[in-house]
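The values are calculated or read from the model by the stated rules, or taken from the named source; none is laboratory data. Remember, predicted model here, so these are calculated numbers, not experimental data. Cβ placement follows ideal geometry from the backbone for every residue including glycine, while neighbour counts extend to all protein chains displayed.
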Amino acid sequence: MTDAVAPPSRTIATANPAYTMTARTLHWLTAVLILPMIPIGVVIANDQGGPLQESLYDLHRSVGAVLIPITVLRLIYRRRNPPLSLPDDIPAIQRLAAKVTHWGLYALLILQPLVGWIATSAHGAPIMVFGWFELPPLSAEDHAFSEQLFWLHRLIGIATACLAAAHIGAAVYHHFVRRDRVLMRMITGRRSNPRSGEGTLAHAKKRAAATAIQRGIPLAR
Ligand code: HEM
Ligand code: HEM
């Protein structure tokens, strides 16, 4: 056995993004689709859409419907390509908060469109998806049941808005207060700043060499 410190492999330093391009695309696509759903929902529920009311209904139902397969696809992809865990210096309580928020958002991303779909079916209204095709009804017509479900849809809408606000606030806090890489992991995929050299092979070699010198260990060639 040798005491020499081998240079770290390229895979540790550079090859693994925290989030792959696919994971990032699915995340930002979901964000762009879901965020306008909340104000659009409030406008249609309060009959404030004027001449656009019917189009806004169609848009709201269509976007909601496509969020279900996007989220299912995202969860399948995540299972096969799990993201890297958060940096070690993130406190345990923040890790827990992130986990609860992320899984809460995933759950609401599936639950909310399903509740909207069942409520609309129970109301007896058709659900056209971008004018391409009609979704099958998930319930027989029952107006009282529909009202109850739309009440639930409103509550889940409020919960989604609160959770998304906490989530976005946390991303801003990490970036501007803690000044760590959490937000950038979801933008560039990289878990370290390339300008600092951190995370590159050269930087990792330098750190390994410094550790070896400190310990008086001969360097591997
Ligand atoms: C994640 C996706 C969705 C979000 C975040 C969302 C959010 C909301 C919100 C916040 C409201 C306003 C509730 C209120 O103030 O009473 C609303 C209303 C509504 N949503 Fe959704 N929704 C989603 C998906 C869907 C889907 C898939 C459908 C149907 C297929 C749907 C059908 C409706 C309808 C018809 C209303 C108006 C209810 C009324 O007129 O009282 N939503 N939605
Ligand atoms: C401006 C808006 C947003 C920003 C800046 C943002 C930022 C981020 C960041 C930085 C992460 C990675 C956290 C980590 O590394 O652990 C993340 C993950 C995540 N975001 Fe967002 N986000 C936004 C909007 C949303 C919205 C609207 C949703 C859904 C309603 C959402 C759902 C998620 C989920 C589920 C994850 C966990 C990904 C995973 O590890 O499986 N995000 N977001």
Residues of region 34-83 classified as free of Cβ contacts under 8 Å to residues at least 12 places away in the same chain and over 23 Å from PRO126 (Cβ atoms), total = 5
inquiry  = Being assigned by TED's automatic domain parsing to the domain that holds ARG178, touching a helix residue (DSSP H, G or I) at 6+ places or on another chain (Cβ under 7 Å) and within 28 Å of ASN16 (Cα to Cα) narrows it down to one residue among LEU84, LEU96, LEU138, LEU105; which is it?
reply    = LEU105
message = Of the conditions (1) free of Cβ contacts under 8 Å to residues at least 60 places away in the same chain; (2) more than 30 Å from MET184 (Cβ to Cβ), GLY131 satisfies every one except a single condition; which number is it?
response = (1)
query = Which of the residues belonging to region 47-80 are near ligand 2 (Cβ under 10 Å from one of its atoms) and not charged (D, E, K, R)?
reply = LEU67, THR71, LEU75, TYR77
ask   = If you check LEU73 against the conditions, is it at pLDDT 95 or above and either more than 18 Å from ALA164 (Cα to Cα) or not in a loop (DSSP other than H, G, I, E, B) (or both)?
value = yes
message = So, in region 84-120, exactly how many residues are part of a helix (DSSP H, G or I), touching a residue at least 24 places away in the same chain (Cβ under 8 Å) and more than 10 Å from ligand 2 (Cβ to nearest atom)?
response = 11
